[in-house]
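Data block below; observations after.
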């Protein structure tokens, strides 16, 4: 039963990520887009790659051994990225992406960085208080959705998964944050800040020349 659950959970995730990656590479060579038939073909190739032996085991099994408990926001971002690249549908706006990167950066820094500043406080332990965690996640989801952020739906998905014990872990923290999501969020926020700083430097001389 456990193996069947892993197949149902991991295989689609690995296929979608591979599909999105192949489509992103294909778009480099076809900047004006490609036909639905070719998109489907890329999906079939991604499905074949998921079961391609890597070190004696299928690639999806290798992915599970490398990262056995991905959080729901990270999985959701993968699905959104797949929709953007393969279906050419922008389900999330700029504010949604900023909110998700901000949440990942703050939550991950608190969870993984707090032992460096407060050795007598175990933030991870609070995740075992599932009732409190569900209430906090529910409040954040409501605030996000009420504020027009579709990203709040990923917190709703995390709540549903927490209620169903869908992941290997039973700690609520693991449903909303993991090391990959945290590092990705920090990297994306840093990239956004650097782009904004470059634009500000370029705009400075222009503003001086054309007051």
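The values are calculated or read from the model by the stated rules, or taken from the named source; none is laboratory data. If you're wondering where the values come from, they're calculated on a predicted model, not measured in any experiment. Neighbour counts are summed over all protein chains in view; Cβ atoms, including those assigned to glycine, are modelled from backbone coordinates with ideal geometry.
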Selection status of residue 149, outside the structural domain of residue 26 (by TED's automatic domain parsing), buried (at least 16 other Cβ atoms within 10 Å of the Cβ) and in a loop (DSSP other than H, G, I, E, B): yes
Residue check for residue 93: touching a residue at least 24 places away in the same chain (Cβ under 8 Å), loosely packed, with under 15 Cβ neighbours inside 10 Å and assigned by TED's automatic domain parsing to the domain that holds residue 182: yes
Flag for residue 12 being within 20 Å of residue 166 (Cα to Cα), assigned to a helix (DSSP H, G or I), in contact with a helix residue (DSSP H, G or I) (Cβ under 7 Å, 6 or more places away or on another chain) and at pLDDT 75 or above: no
Any hit, the stretch 30-53, residues being under 20 Å from residue 181 (Cα atoms), surrounded by 11 or more Cβ atoms within 10 Å (Cβ to Cβ), modelled with pLDDT of 85 or more and not assigned by TED's automatic domain parsing to the domain that holds residue 151: no
Filter result for residue 121 (surrounded by fewer than 15 Cβ atoms within 10 Å (Cβ to Cβ) and either modelled with pLDDT of 90 or more or closer than 14 Å to residue 71 by Cα (or both)): no
Near pairs, Cβ below 6 angstrom, 6+ apart or cross-chain, from the stretch 186-207 (closer than 28 Å to residue 103 by Cα) to any residue that is assigned to a helix (DSSP H, G or I) and at pLDDT 90 or above: 186/105; 188/101; 189/101; 189/105
